[in-house]
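Q: Structure below; questions to follow.
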Protein chains: 2
Amino acid sequence: MNPNLTTDRPTFVTHLECSLTGERYEADQLHGLSRAGRPLLVRYDLPSIRAVAPRAMIAARPTDLWRWRELLPVRRTSDIVSLGEIETPLVPIPKSGGPNVLVKDEGRLPTGSFKARGLVMAVAMAKALGIKKIAMPTNGNAGAALAAYATRCGIETIVFCPDDTPEINVREIAAQGARVYRVNGLIDDCGAIVGKGAAEGLWFDFSTLKEPYRIEGKKTMGLELAAQFGWKLPQAIFYPTGGGTGLIGMWKAFAEMEALGWIGSERPKMFAIQSSGCAPIVRAFEAGEEHAERWEDAHTVAAGIRVPKAVGDFLILRAVRESGGRAMAVGDPAILQAVEDAALKDGLLICPEGGATLAAYREALRLGLVDEDESAVLFNCATGLKYPMADASKTLDRFAEIDLAVL
Amino acid sequence: MNPNLTTDRPTFVTHLECSLTGERYEADQLHGLSRAGRPLLVRYDLPSIRAVAPRAMIAARPTDLWRWRELLPVRRTSDIVSLGEIETPLVPIPKSGGPNVLVKDEGRLPTGSFKARGLVMAVAMAKALGIKKIAMPTNGNAGAALAAYATRCGIETIVFCPDDTPEINVREIAAQGARVYRVNGLIDDCGAIVGKGAAEGLWFDFSTLKEPYRIEGKKTMGLELAAQFGWKLPQAIFYPTGGGTGLIGMWKAFAEMEALGWIGSERPKMFAIQSSGCAPIVRAFEAGEEHAERWEDAHTVAAGIRVPKAVGDFLILRAVRESGGRAMAVGDPAILQAVEDAALKDGLLICPEGGATLAAYREALRLGLVDEDESAVLFNCATGLKYPMADASKTLDRFAEIDLAVL
């Protein structure tokens, strides 16, 4: 049906590279972190892509994630895994946001979150490289995406999540075929268990940025934005930042597209948004540091960005600074208010992490960091349906004589 | 951004027509049911559309619902309401379904269900016609879609649902700005309250098929399928049937596309799927009746198809019979088994109503009504995330010495 999933197309990966030291690693082999303990980045033969894949050719394909094939690492078409990775829509929120604010609604992806972008790519590569068993720490949505894609291609999965992970996440992970364990700790405690098992050879470690392909999937957010904005980019991007894969990925996508001649040198101001209950990147940004210390006693209603320590911290900080943006923290009350406003005023139900970006946008407006006339994209990273809502219903008796005019 | 939402395009509505008697009604006026108490159908000047809107022109537009503008009733571009009505993907389920089975995943639409298609159109028309207050009976998803779109354009809404409507539905309806009442009865009891208030002039009645534009939105499912199948159609369609708007709408779309020269005269076998706990259409189909009696004591795990009496019964039965398809009922155990299989084997979480179509497909295969070689589309009408799932997690102590090899 969809030629993106069935047509053989040329691929262009040349090698992988340590994001800290630049050391080269071979393509098409199993990799975790670099020898320096940092994320690996996939590199492509961009001049050859430029010669064979003009942007107009890509734009004419069905608008899903796999149309970017020449910029992705999957070599064999038969290794593609898919649950329908559509291009996510940009939804205006004029009343709760402003006249030039668009929400990129990532909740429309398979398993209801943007984690699908990274995991569909990582699982396809795991399939290509013959991995049989994967483990992952998760705050919920990444585990759901991993379970769905791995199940689809027969890879076994074990998922560890903090014991206060939202119920619906835990249940959907199991429903989609993974084994799930709740751990009395945070995501890095879960990560320690995954790391120990990986060291013992029990499974492959799929932690954020510890395998190199999730970032390639996440970078499609940047590619899509360029296509949706007519090969320009918005003037500001507000991104809910836990591990930061998406922000790093978009920044990488912008550089690749410039090298391809698809976009110019202009960049959006990148705003990395955290919760004031867990804001290691904000603290490092404000202190002028290159790396971020672990945040102790992390707590926030936005569980997806409750990440005390990010292995790609320096990449996030670098992108934010180069772009002229900022790392910003918002409190839980502002987050919840933003979620309520978007639904009540614009009919758009967003997740708390998405609410954090709206709260931060308002604060940035107040501080003069952005202007109402500038185009701004807020990332709603998951469907609002996964999160608790108040019950505001009343009960009526169908047999009663009701004065309907007072309802 | 999206020209479908901002470009003025010609529109072609000529009139409305009673679906039972053919009596004509004027376009661009407020209408409920016809004088015969039956749904009104919107009619277009198809020869003129044929002259100005070739299918290749439509296909070149961004692939959302509003690209079908020439075949839709909204005249003024400024009346368009939108939360990002994307084209929903077709997801293969080779292990739980078969080699030629595709699930049309309608859970990706705004508010997580196919109800968005009908309601986005009905609300845009309500806006165009100056309606200020709307009431609706709902089993959940329609109310959520109504609330979101009406809130977005400042129309007041009151929603009545059975008191056992899934919690998440009730809550999202309220979160998106509607007033919600739970009624100790079924959807037709709720409908009676809505009808009474409408008769008193308190609000406009948005019950299924009681206003004429939801069907125009729902017919885009048929238009999309044609485009996705390269202007052919699948050989069989399995549709979860409550009020049946979508089935009626697709059948109408097929006729319109044939008149436009976009498709030929071949049609899919249409399978109207109900639950054995509420199967009025199946009973009428098997008895050779043209209309369906109310089903007493309706109960099923698939709340969306718990509709004891459908005002468009004869239209559903006509389409199913003309197509050489069948109305079929499946039991709750088969529904739940199908939901479990799709998630566990193919990584696709579907809703119970979607599960009913998979259970029915399996039964149709067994009965020889369809062949494994035939292309079949199953409609998953809502995201599986809205429905309860079992908790299969186990708990681990992060401080304990765990033998990870036994996990």
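The values are calculated or read from the model by the stated rules, or taken from the named source; none is laboratory data. Source: prediction; values computed, not measured. Cβ coordinates were reconstructed from backbone atoms using ideal geometry, including for glycine residues, and neighbour counts include every protein chain displayed. The protein model used for the area step is the full one, side chains on, heavy atoms only, and it has no ligands, DNA or RNA in it. Shrake-Rupley method; radii C 1.70, N 1.55, O 1.52, S 1.80 Å.
Q: Can you pull out the residues in the range A:371-388 that are assigned to a loop (DSSP other than H, G, I, E, B), under 18 Å from A:ASN141 (Cα atoms) and not aromatic (Phe, Trp, Tyr)? Outline the logic, then answer.
A: Quick first cut of the range A:371-388, residues assigned to a loop (DSSP other than H, G, I, E, B) only: A:371-375, A:381, A:387-388.
When the remaining residues are screened for being under 18 Å from A:ASN141 (Cα atoms), the result is A:381, A:387-388.
Scanning the range A:371-388 gives A:CYS381, A:PRO388.
Q: Right, something else. For B:GLY32, only one of the following conditions fails: (1) part of a loop (DSSP other than H, G, I, E, B); (2) in contact (Cβ under 8 Å) with a residue 40 or more places away in the chain; (3) open to solvent by 40 Å² or more (accessible area, probe 1.4 Å). What is its number?
A: With respect to (1) part of a loop (DSSP other than H, G, I, E, B); (2) in contact (Cβ under 8 Å) with a residue 40 or more places away in the chain; (3) open to solvent by 40 Å² or more (accessible area, probe 1.4 Å), B:GLY32 is out only on (3).
Q: Sticking with this structure for a sec: Let me confirm something: among A:ASP332, A:ASP346, which residue is in contact with a Gly (Cβ under 9 Å, 6 or more places away or on another chain), within 11 Å of another protein chain (Cβ to nearest Cβ) and among the charged types (D, E, K, R)?
A: A:ASP346 is the lone residue from the list that is in contact with a Gly (Cβ under 9 Å, 6 or more places away or on another chain), within 11 Å of another protein chain (Cβ to nearest Cβ) and among the charged types (D, E, K, R).
Q: A:PRO62 fails exactly one of the following numbered conditions: (1) more than 20 Å from A:TYR213 (Cβ to Cβ); (2) outside any loop (DSSP other than H, G, I, E, B); (3) touching a helix residue (DSSP H, G or I) at 6+ places or on another chain (Cβ under 8 Å). What is the number of that condition?
A: Status for A:PRO62: all satisfied but (2).
Q: Determine which member of the set A:ARG362, A:ARG398 is farther than 20 Å from B:GLY112 by Cα, assigned by TED's automatic domain parsing to the domain that holds A:ASP105 and not in a strand (DSSP E or B).
A: Selected residue: A:ARG362, the only one of A:ARG362, A:ARG398 that is farther than 20 Å from B:GLY112 by Cα, assigned by TED's automatic domain parsing to the domain that holds A:ASP105 and not in a strand (DSSP E or B).
Q: Are any residues in the range A:319-350 in a helix (DSSP H, G or I) and within 20 Å of A:MET250 (Cβ to Cβ), and if so, which ones?
A: A:ALA319, A:VAL320, A:ARG321, A:GLU322, A:SER323
Yes or no, residue by residue, for (1) surrounded by fewer than 17 Cβ atoms within 10 Å (Cβ to Cβ); (2) within 27 Å of B:ALA144 (Cα to Cα):
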position	(1), (2)
A:SER375	no, no
A:CYS381	no, yes
A:ASP391	yes, yes
A:PHE399	yes, yes
A:ALA405	yes, yes
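Q: For the range B:65-111, which residues satisfy the criterion of being among the charged types (D, E, K, R) and assigned to a helix (DSSP H, G or I)?
A: Within the range B:65-111, B:ARG67, B:ARG69, B:GLU70, B:ASP79, B:GLU106, B:ARG108 meet the criteria.
Q: Considering only residues that are of a type in the set (Ser, Thr, Tyr), in contact with a Lys or Arg (Cβ under 8 Å, 6 or more places away or on another chain) and in contact (Cβ under 8 Å) with a residue 12 or more places away in the chain, which ones fall in the range B:352-404? It would help to see each step written out before you state the result.
A: At the first step, the residues of the range B:352-404 found to be of a type in the set (Ser, Thr, Tyr) are B:357, B:361, B:375, B:383, B:387, B:393, B:395.
Retained after the next criterion (residues that are in contact with a Lys or Arg (Cβ under 8 Å, 6 or more places away or on another chain)): B:383, B:393, B:395.
Residue satisfying the conditions is B:THR383 alone.
Per-residue answers, yes or no, for (1) closer than 22 Å to A:GLY222 by Cβ; (2) not aliphatic (A, V, I, L, M):
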| site | (1), (2) |
| --- | --- |
| A:MET1 | no, no |
| A:THR11 | yes, yes |
| A:TYR25 | no, yes |
| A:ASP28 | no, yes |
| A:ARG35 | no, yes |
| A:ARG43 | yes, yes |
| A:ILE49 | yes, no |
| A:ARG55 | yes, yes |
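Q: What about B:ARG294, is it more than 30 Å from B:PRO388 (Cβ to Cβ) and assigned to a loop (DSSP other than H, G, I, E, B)? Walk me through how you get there before you give the answer.
A: Details: more than 30 Å from B:PRO388 (Cβ to Cβ): no; assigned to a loop (DSSP other than H, G, I, E, B): yes.
Against the criterion (more than 30 Å from B:PRO388 (Cβ to Cβ) and assigned to a loop (DSSP other than H, G, I, E, B)), B:ARG294 does not qualify.
Q: If A:ARG182 satisfies all but one of (1) within 27 Å of B:LEU385 (Cα to Cα); (2) open to solvent by 30 Å² or more (accessible area, probe 1.4 Å); (3) not β-branched (Val, Ile, Thr), what's the number of the condition it fails?
A: (2)
Q: Given (1) in contact with a helix residue (DSSP H, G or I) (Cβ under 8 Å, 6 or more places away or on another chain); (2) in a loop (DSSP other than H, G, I, E, B); (3) in the same structural domain as B:PHE285 (by TED's automatic domain parsing), identify the lone condition not met by B:GLY368.
A: Failing condition for B:GLY368: (1).
Q: Next question, about the same structure. Just need a number here: residues in the range B:131-171 that are out of contact with any strand residue (DSSP E or B) (no Cβ under 6 Å at 6 or more places or on another chain), more than 7 Å from chain A (Cβ to nearest Cβ), touching a residue at least 60 places away in the same chain (Cβ under 8 Å) and assigned to a helix (DSSP H, G or I).
A: Number of matching residues: 2.
Q: Given (1) closer than 30 Å to A:GLN176 by Cα; (2) touching a Phe, Trp or Tyr at 6+ places or on another chain (Cβ under 6 Å), identify the lone condition not met by B:ALA319.
A: So the condition that B:ALA319 fails would be (1).
Q: Moving on to the next point. How about the range A:308-327: which of its residues are open to solvent by 10 Å² or more (accessible area, probe 1.4 Å) and in contact with a helix residue (DSSP H, G or I) (Cβ under 6 Å, 6 or more places away or on another chain)?
A: Within the range A:308-327, A:LYS309, A:LEU315 qualify.
Q: Out of the range A:79-111, which residues are over 15 Å from A:TRP68 (Cα atoms), of a type in the set (Ser, Thr, Tyr) and either under 20 Å from the mean Cα position of the chain (by Cα) or not assigned by TED's automatic domain parsing to the domain that holds A:LEU344 (or both)?
A: A:THR111
Q: Right, next: Can you tell me which of A:PRO92, A:PRO110 is modelled with pLDDT of 95 or more, touching a helix residue (DSSP H, G or I) at 6+ places or on another chain (Cβ under 7 Å) and within 14 Å of another protein chain (Cβ to nearest Cβ)?
A: Testing whether each residue is modelled with pLDDT of 95 or more, touching a helix residue (DSSP H, G or I) at 6+ places or on another chain (Cβ under 7 Å) and within 14 Å of another protein chain (Cβ to nearest Cβ) leaves just A:PRO110.
Q: For the range B:67-89, how many residues meet the condition of being more than 17 Å from B:ALA126 (Cβ to Cβ) and more than 9 Å from chain A (Cβ to nearest Cβ)?
A: Of the residues in the range B:67-89, 5 are more than 17 Å from B:ALA126 (Cβ to Cβ) and more than 9 Å from chain A (Cβ to nearest Cβ).
Q: Another question, then. So for the range A:182-196 (the condition being closer than 30 Å to A:MET257 by Cβ, away from chain B (no Cβ under 11 Å) and touching a strand residue (DSSP E or B) at 6+ places or on another chain (Cβ under 6 Å)), does at least one residue qualify?
A: no
Q: For the range B:1-19, what are the residues that are more than 28 Å from B:GLY261 (Cβ to Cβ) and either at pLDDT below 95 or open to solvent by less than 40 Å² (accessible area, probe 1.4 Å) (or both)? Talk me through it step by step, then tell me what you get.
A: To start, the set of residues in the range B:1-19 that are more than 28 Å from B:GLY261 (Cβ to Cβ) comprises B:1, B:6.
Scanning the range B:1-19 gives a single hit, B:MET1.
Q: Could you identify the single residue in A:ALA174, A:ALA128 that is within 11 Å of chain B (Cβ to nearest Cβ), surrounded by fewer than 24 Cβ atoms within 10 Å (Cβ to Cβ), of a type in the set (A, V, I, L, M) and more than 18 Å from the chain's Cα centre (by Cα)?
A: Details: A:ALA128 fails: within 11 Å of chain B (Cβ to nearest Cβ).
The match here is A:ALA174.
Q: Assess whether A:PRO166 counts as being of a type outside the set (Ser, Thr, Tyr), assigned by TED's automatic domain parsing to the domain that holds A:ASP313 and open to solvent by 30 Å² or more (accessible area, probe 1.4 Å).
A: no
Q: Do we have A:GLY230 as more than 14 Å from chain B (Cβ to nearest Cβ), small (Gly, Ala, Ser) and either free of Cβ contacts under 8 Å to residues at least 60 places away in the same chain or in contact with a Lys or Arg (Cβ under 9 Å, 6 or more places away or on another chain) (or both) here?
A: Considered against the rule, which asks whether it is more than 14 Å from chain B (Cβ to nearest Cβ), small (Gly, Ala, Ser) and either free of Cβ contacts under 8 Å to residues at least 60 places away in the same chain or in contact with a Lys or Arg (Cβ under 9 Å, 6 or more places away or on another chain) (or both), A:GLY230 comes out as no.
Q: Any idea which of B:GLU289, B:GLU224 is acidic (Asp, Glu) and under 16 Å from the mean Cα position of the chain (by Cα)? Working first, answer last.
A: Details: B:GLU289 fails: under 16 Å from the mean Cα position of the chain (by Cα).
Answer to the check: B:GLU224.
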